[in-house]
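Trainee: My structure is below; once you've seen it, I'll send some questions.
The values are calculated or read from the model by the stated rules, or taken from the named source; none is laboratory data. As the structure is a computational prediction, the values presented were derived from the model and not from experiment. Cβ: placed from backbone, ideal geometry, glycine included. Neighbour counts: every protein chain shown. Ligands, DNA and RNA are stripped out before the accessible areas are found, and what is left, the full protein with its side chains, is counted by its heavy atoms. Shrake-Rupley method; radii C 1.70, N 1.55, O 1.52, S 1.80 Å.
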Amino acid sequence: MTDSKPTKDSSIADTAWIRTSKLSRHYVRGPQEVRALDGVDLTISHGEFVAVVGSSGSGKSTLLNLLAGLDTPTEGQIFIAGEELNTFSRKRLSRYRAEQIGMVFQSFNLISHKTAQENVETALYFNETPKSERRKLSREMLSRLGLAERLDHHPADLSGGEQQRVALARALVKNPQILFADEPTGNLDRENTAAISAMLKSFNQNGVTVVMVTHDSELANTCARRIISMDYGKIVTDVATDVDAGGAK
Amino acid sequence: MTISDLLQNAAGNLWRMKLRALLTVSGVVIAIAAFVAMLSFGAGMQETISDRFEQLGLFSTMYVYPTKDGQVDETPMGRRERRAQKESDDGVTKSDSTSIDSEKTDSSQVDSSEVDSIALDSLPTESRLLDSAAVELLGLIPGVNLAYPYETLDITVTFADSTFESQARAAPMLAIKTKLFSQFKAGKAFESDSSQSVMVTDRFLRNAGIDLDSSEIVIGETIIVSVDIISIDSALTRALFNKDLDSVKEHFKDVHFDSLLNSDYRSRLISAELGGAFSRFIDGYLSSRVQIAETLTIVGVIEGGMSGNLVKPVVLPLEIGKHLSEAGFSGSKQDLFTSLASGRIPGLGSSESNDSSQQYSRVTLDLDQGTPYESIKDSVEALGFRTFSFAEEFTELQSIFLFFNMALGMIGLIALVTAGLGIVNTMVMSILERRREIGVLKSLGADDSDIKLMYLFESGMIGSVGALGGIMVGWLITRGASLIAAWYMRSKDIPEMEFFSLPPWLVLIAFGIGLTISVLAGLYPAARAAKVDPVQALRND
Ligand SMILES: Nc1ncnc2c1ncn2[C@@H]1O[C@H](COP(=O)(O)OP(=O)(O)OP(=O)(O)O)[C@@H](O)[C@H]1O
Ligand SMILES: [Mg+2]
């Protein structure tokens, strides 16, 4: 695998980090208040590979969506590369998603009527990449993930592992600073899980900060350098693993 | 996202849901087709009339009439006014009022069929007689190519064994060359003002029972044109006039001449207040008629225009016309009155009444091409005359057409609103189906405005495709209807005309409206799509 050059932002090494302060997300359902996220303070440095674990309903996805700017916190703040997300305009927030981050989901969330390549290209629609460049970049990224033969296949014609690789290509083709992955291997078998985790690791080593939600503690242990476990919307433990650091300093 | 991205995306999405898109587009196609077909009908009618006007030179034809002042107002309103004034003015006697009552009843029967009631309402600045000096003056107005009197003769025509009543108009050679007299069906114009020839119109052929398609057969045929003229003892009338000219004139001012045709009223009037000499004069004037005739050769058949109503059935060279009309008074009652009111008895012989004293009830102006009628109208009115121009009528007609077109357009618009609702339905459906996709796009950095634009482009594309299709279908419908109409007109022997027209502005408007309605229809779905919560949409099921 070739080098992933962070061409877009040269300041990435100095500034790309994530910090939350008393981050809360509450849902009010009638008389009940669900504290999906409840006062989370968290700091992630640039180049880290963090796994977030916890039981179902503990608020992992909620945390990830807030960090990705898809959801808005009830309370607290999020700082990405020194900038406070809450202060962003709607447009600026869209640009943040379009340029700075990539997302991968458990259910792949590929657009079913688009081919693998078109799905990847879609990620470049919103960051003003010229059309010819879009094609080239997505081909390259798919080839890099071993899908050179699958460019024109539709998601339905691909295996789960292949689909998740397409999703990964889509998340990474724009060369993001941060990758948010919400149970990326949740629907995959052991073999594909290994392949995906290897890829995540590889990209992390090339400078992408990775925040991955998972149920799979073995996976967490094998790729993440740090494991955060959550329960009832709070961080309960935050430990470093012995996975050798390969990413940026 | 660039425009081309948006277009491609919209096309792709519509292509994917072909059937649904097709059905929605069909709604727009039908609506636009209806809209186009209806407005095409309006435009076609307008164009046909305009072409017809243009062809006949009506846009460059203007009629000039004398003003009401010092003249007889032939409208019922005018009569009533005069009568009321008379009663208050000179305290009418009992016998007088009886005669006036009968006048009232008579005048309702003998209505002014000869009078052109058009343009009677235009108010003059000063009044003036419409005599040959005036005609000359009118001819000098810049932009007026030619001014010539418009005189109508009631004639009797003998042609190929049949004899019938008709009307003739004499026109000078210069006028004969204008468009009005140049729509030849067969033959040509006569050579000179004095040639013993005549032109007839399609209406004449119809009256004579000749098939319009075989107009050529009448060329070279002989026609006898005769007029009934009033022949009275000129010596008597002259004596009568010289003796008491003023008092007779006074009487003429008060008497309505239409009513004189009623012999009962006439005798009462005469016995009531006038002497025997006057009685004889009136009787002679109206009763003893003599016929004079001209034998002429038909040289041309022209179109009468406006179903034969524009040009009188028979067109005579100027000199022939003069000969017929100056032999004695033969014209309309209005002309008679015009002359009498100014103290002149028509038909007293051409020796006495030279050209300059002759008055016309109407003068035709042929305007230079492209001269706006308003300026000529102003100049003519400044001279103290009233005008009528087809161009002015046409301007009015156009505003009627505008309403007509708007009414037709409204029907099309109703269909379009229905089609628009179809678009809303389709788009809302597709948003429900594509919720996850919208979520994905948002997670990839699509802004609300991007999502909105994507949906607006999609509905706009439905509208554009529908509008283009509708314009084509509408055009096909008008072609079909046109063919059927042509076939029908041919079978009924009606002159063919085009009912439909699809001018570029109509195509543009149809397209614009189709696009506008579809984009409007897309506004709500687009706003709804932009509001999709990505967190919800992307949730694992
Ligand atoms: N829109 C919502 N309305 C109400 N409650 C919600 C909503 N979204 C999430 N929650 C609640 O917030 C809590 C945290 O949800 P979240 O999806 O973050 O859990 P999770 O840790 O990702 O669970 P899983 O491992 O099953 O994905 C859950 O109890 C969930 O029911
Ligand atoms: Mg989750």
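Trainee: How many residues are aliphatic (A, V, I, L, M), closer than 16 Å to residue B:311 by Cα and out of contact with any Phe, Trp or Tyr (no Cβ under 8 Å at 6 or more places or on another chain) if we restrict to the range B:148-172? Lay out the reasoning, then the answer.
Mentor: Initially, the range B:148-172 is screened for residues aliphatic (A, V, I, L, M), giving B:153, B:155, B:157, B:160, B:168, B:170-171.
Now drop any that are not closer than 16 Å to residue B:311 by Cα, which leaves B:153, B:155, B:168, B:170-171.
Subsequent filtering for residues that are out of contact with any Phe, Trp or Tyr (no Cβ under 8 Å at 6 or more places or on another chain) retains B:153, B:155, B:168, B:170.
The number of residues fulfilling the criteria is 4.
Trainee: For the range A:114-142, which positions are within 11 Å of another protein chain (Cβ to nearest Cβ) and either more than 20 Å from the chain's Cα centre (by Cα) or more than 16 Å from residue B:450 (Cβ to Cβ) (or both)? Step through it out loud before you land on a result.
Mentor: Taking the range A:114-142 and keeping what is within 11 Å of another protein chain (Cβ to nearest Cβ), we get A:114, A:118-131, A:134.
Matches in the range A:114-142: A:114, A:118, A:119, A:120, A:128, A:129, A:130, A:131, A:134.
Trainee: Select from the range A:57-82 the residues that are within 13 Å of ligand 2 (Cβ to nearest atom), outside any loop (DSSP other than H, G, I, E, B) and open to solvent by 10 Å² or more (accessible area, probe 1.4 Å) and list them in ascending order.
Mentor: Residues satisfying the conditions are A:60, A:61, A:62, A:65.
Trainee: Hey, among the residues in the range B:367-392 that are closer than 14 Å to residue B:57 by Cα and surrounded by fewer than 22 Cβ atoms within 10 Å (Cβ to Cβ), which one's modelled with the lowest pLDDT? Outline the logic, then answer.
Mentor: Within the range B:367-392, the first condition is being closer than 14 Å to residue B:57 by Cα, and the residues that meet it are B:367-373, B:389-392.
Pick out the ones that are also surrounded by fewer than 22 Cβ atoms within 10 Å (Cβ to Cβ) and you get B:368-372, B:390-392.
Values: B:368: 80, B:369: 76, B:370: 73, B:371: 76, B:372: 78, B:390: 79, B:391: 81, B:392: 82.
Selected residue: B:370.
Trainee: Would you point out the residue of the range A:180-191, among those that are open to solvent by 40 Å² or more (accessible area, probe 1.4 Å) and away from ligand 1 (no atom under 13 Å from the Cβ), that is nearest to the other protein chains (Cβ to nearest Cβ)?
Mentor: Filtering the range A:180-191 for residues that are open to solvent by 40 Å² or more (accessible area, probe 1.4 Å) and away from ligand 1 (no atom under 13 Å from the Cβ), the one nearest to the other protein chains (Cβ to nearest Cβ) comes out as A:189.
Trainee: Determine if the range B:488-497 includes at least one residue that is part of a loop (DSSP other than H, G, I, E, B), at pLDDT below 95, crowded, with 19+ Cβ neighbours inside 10 Å and assigned by TED's automatic domain parsing to the domain that holds residue B:444.
Mentor: The initial filter retains those residues of the range B:488-497 that are part of a loop (DSSP other than H, G, I, E, B), namely B:492-497.
Then keep just the ones that are at pLDDT below 95; that gives B:492-497.
Subsequent filtering for residues that are crowded, with 19+ Cβ neighbours inside 10 Å retains none.
No; the residues of the range B:488-497 include none that is part of a loop (DSSP other than H, G, I, E, B), at pLDDT below 95, crowded, with 19+ Cβ neighbours inside 10 Å and assigned by TED's automatic domain parsing to the domain that holds residue B:444.
Trainee: Where in the range A:143-249 are the strands (runs of 3 or more DSSP E), entirely inside, with at least 1 residues that are over 18 Å from the mean Cα position of the chain (by Cα)? Don't jump to the end; show me each part of the working.
Mentor: Working: elements: A:178-182, A:209-213, A:226-231, A:234-240.
Fully inside the range A:143-249 and qualifying: A:226-231, A:234-240.
Trainee: Name every residue in the range B:22-57 that is closer than 25 Å to residue B:453 by Cα and either open to solvent by 40 Å² or more (accessible area, probe 1.4 Å) or within 14 Å of chain A (Cβ to nearest Cβ) (or both), in order of residue number.
Mentor: Passing the criteria: B:22, B:23, B:26.
Trainee: Just the residues that are under 24 Å from residue A:81 (Cβ atoms) and either touching a Cys at 6+ places or on another chain (Cβ under 9 Å) or within 12 Å of chain B (Cβ to nearest Cβ) (or both), please, taken from the range A:34-59.
Mentor: Start the filter on the range A:34-59 by keeping residues that are under 24 Å from residue A:81 (Cβ atoms), which leaves A:37, A:39-52, A:59.
Residues satisfying the conditions are A:49, A:51.
Trainee: For the range B:498-536, give me the residue count where each residue is closer than 30 Å to residue A:65 by Cβ and open to solvent by less than 10 Å² (accessible area, probe 1.4 Å). If you could, list the steps in order and put the result at the bottom.
Mentor: We begin by selecting, within the range B:498-536, every residue closer than 30 Å to residue A:65 by Cβ; these are B:522-536.
Now drop any that are not open to solvent by less than 10 Å² (accessible area, probe 1.4 Å), which leaves B:522, B:525-526, B:529-530.
The total comes to 5.
Trainee: Against the definition (surrounded by fewer than 20 Cβ atoms within 10 Å (Cβ to Cβ), at pLDDT below 90 and within 14 Å of chain A (Cβ to nearest Cβ)), how does residue B:539 come out, yes or no?
Mentor: Details: surrounded by fewer than 20 Cβ atoms within 10 Å (Cβ to Cβ): yes; at pLDDT below 90: yes; within 14 Å of chain A (Cβ to nearest Cβ): yes.
Yes: the conditions hold for residue B:539.
Trainee: Which condition breaks for residue A:8 when tested against (1) within 14 Å of another protein chain (Cβ to nearest Cβ); (2) away from ligand 2 (no atom under 16 Å from the Cβ); (3) modelled with pLDDT of 90 or more?
Mentor: (3)
Trainee: Does residue A:79 satisfy the criteria of being more than 12 Å from chain B (Cβ to nearest Cβ) and touching a residue at least 60 places away in the same chain (Cβ under 8 Å)? Full working, then the answer.
Mentor: Values: more than 12 Å from chain B (Cβ to nearest Cβ): yes; touching a residue at least 60 places away in the same chain (Cβ under 8 Å): yes.
Answer is yes for this residue.
Trainee: Let me ask another. For residues that are more than 10 Å from ligand 1 (Cβ to nearest atom), touching a Lys or Arg at 6+ places or on another chain (Cβ under 9 Å) and within 14 Å of chain B (Cβ to nearest Cβ), scanning just the range A:60-76, find the one that is nearest to residue A:104 (Cα to Cα). Steps first, please.
Mentor: Looking only at the range A:60-76, we keep the residues that are more than 10 Å from ligand 1 (Cβ to nearest atom), and these are A:67-70, A:72-76.
Imposing the further condition that a residue be touching a Lys or Arg at 6+ places or on another chain (Cβ under 9 Å) reduces the set to A:68-70, A:72-76.
Then drop every residue that is not within 14 Å of chain B (Cβ to nearest Cβ), which leaves A:68-70, A:72-74.
Values: A:68: 11, A:69: 14, A:70: 13, A:72: 19, A:73: 21, A:74: 24 Å.
Among those residues, the one meeting the criterion is A:68.
Trainee: Any idea which of (1) away from ligand 1 (no atom under 16 Å from the Cβ); (2) open to solvent by 20 Å² or more (accessible area, probe 1.4 Å); (3) over 26 Å from residue A:197 (Cβ atoms) is the one residue A:127 doesn't satisfy?
Mentor: Going through the list (1) away from ligand 1 (no atom under 16 Å from the Cβ); (2) open to solvent by 20 Å² or more (accessible area, probe 1.4 Å); (3) over 26 Å from residue A:197 (Cβ atoms), residue A:127 breaks only (2).
Trainee: I would also like to ask the following. Can you name the number of the only condition in (1) among the charged types (D, E, K, R); (2) in contact (Cβ under 8 Å) with a residue 60 or more places away in the chain; (3) more than 16 Å from ligand 2 (Cβ to nearest atom); (4) within 18 Å of residue A:108 (Cα to Cα) that residue A:190 fails?
Mentor: (2)
Trainee: Output the number of residues of the range A:101-113 satisfying the condition of being at the interface with chain B (Cβ under 9 Å from one of its Cβ atoms) and open to solvent by 20 Å² or more (accessible area, probe 1.4 Å).
Mentor: Result for the range A:101-113: 5.
Trainee: Residues in the range B:470-482: is at least one in contact with a Phe, Trp or Tyr (Cβ under 6 Å, 6 or more places away or on another chain), of a type in the set (Ser, Thr, Tyr), more than 14 Å from chain A (Cβ to nearest Cβ) and crowded, with 22+ Cβ neighbours inside 10 Å?
Mentor: Start the filter on the range B:470-482 by keeping residues that are in contact with a Phe, Trp or Tyr (Cβ under 6 Å, 6 or more places away or on another chain), which leaves B:478, B:482.
Narrowing the set further to residues that are of a type in the set (Ser, Thr, Tyr) leaves B:478, B:482.
Still in the list and also more than 14 Å from chain A (Cβ to nearest Cβ): B:478, B:482.
Still in the list and also crowded, with 22+ Cβ neighbours inside 10 Å: B:478.
Yes, there is a match, as at least one residue in the range B:470-482 is in contact with a Phe, Trp or Tyr (Cβ under 6 Å, 6 or more places away or on another chain), of a type in the set (Ser, Thr, Tyr), more than 14 Å from chain A (Cβ to nearest Cβ) and crowded, with 22+ Cβ neighbours inside 10 Å.
Trainee: Please specify each residue of the range A:195-226 satisfying the condition of being within 15 Å of ligand 1 (Cβ to nearest atom) and in contact with a helix residue (DSSP H, G or I) (Cβ under 6 Å, 6 or more places away or on another chain).
Mentor: Of all residues in the range A:195-226, those within 15 Å of ligand 1 (Cβ to nearest atom) come to A:211-217, A:219-220.
Listed by number, the residues that qualify are A:213, A:214, A:219.
Trainee: Can you tell me how many residues in the range A:229-242 are in contact with a Ser or Thr (Cβ under 7 Å, 6 or more places away or on another chain) and away from ligand 1 (no atom under 12 Å from the Cβ)?
Mentor: 2
Trainee: From (1) open to solvent by less than 30 Å² (accessible area, probe 1.4 Å); (2) aliphatic (A, V, I, L, M); (3) in contact (Cβ under 8 Å) with a residue 12 or more places away in the chain, pick out the condition that doesn't hold for residue B:453.
Mentor: Every condition holds for residue B:453 apart from (1).
Trainee: Taking the condition of being within 16 Å of ligand 2 (Cβ to nearest atom) and under 19 Å from residue A:62 (Cβ atoms), how many residues in the range A:195-220 meet it?
Mentor: Of the range A:195-220, the ones within 16 Å of ligand 2 (Cβ to nearest atom) are A:211-217, A:219-220.
Filter again for under 19 Å from residue A:62 (Cβ atoms), leaving A:211-215, A:220.
The qualifying residues number 6.
Trainee: So, of the residues in the range A:23-56 that are within 20 Å of residue A:181 (Cα to Cα) and assigned to a loop (DSSP other than H, G, I, E, B), which turns out to be most open to solvent (accessible area, probe 1.4 Å)?
Mentor: Only one residue tops the list, namely A:56.
Trainee: Would you check if residue A:85 is surrounded by 15 or more Cβ atoms within 10 Å (Cβ to Cβ) and within 16 Å of ligand 2 (Cβ to nearest atom)? Step through it out loud before you land on a result.
Mentor: Values: surrounded by 15 or more Cβ atoms within 10 Å (Cβ to Cβ): yes; within 16 Å of ligand 2 (Cβ to nearest atom): no.
No, not satisfied.
Trainee: When you scan the range A:85-103, do you find a residue that is at pLDDT 90 or above and within 16 Å of ligand 1 (Cβ to nearest atom), even just one?
Mentor: yes
Trainee: Go through (1) more than 8 Å from chain A (Cβ to nearest Cβ); (2) open to solvent by 10 Å² or more (accessible area, probe 1.4 Å); (3) in contact (Cβ under 8 Å) with a residue 12 or more places away in the chain; (4) not charged (D, E, K, R) one by one and return the number of the condition residue B:431 breaks.
Mentor: If we test residue B:431 against (1) more than 8 Å from chain A (Cβ to nearest Cβ); (2) open to solvent by 10 Å² or more (accessible area, probe 1.4 Å); (3) in contact (Cβ under 8 Å) with a residue 12 or more places away in the chain; (4) not charged (D, E, K, R), just (2) comes out false.
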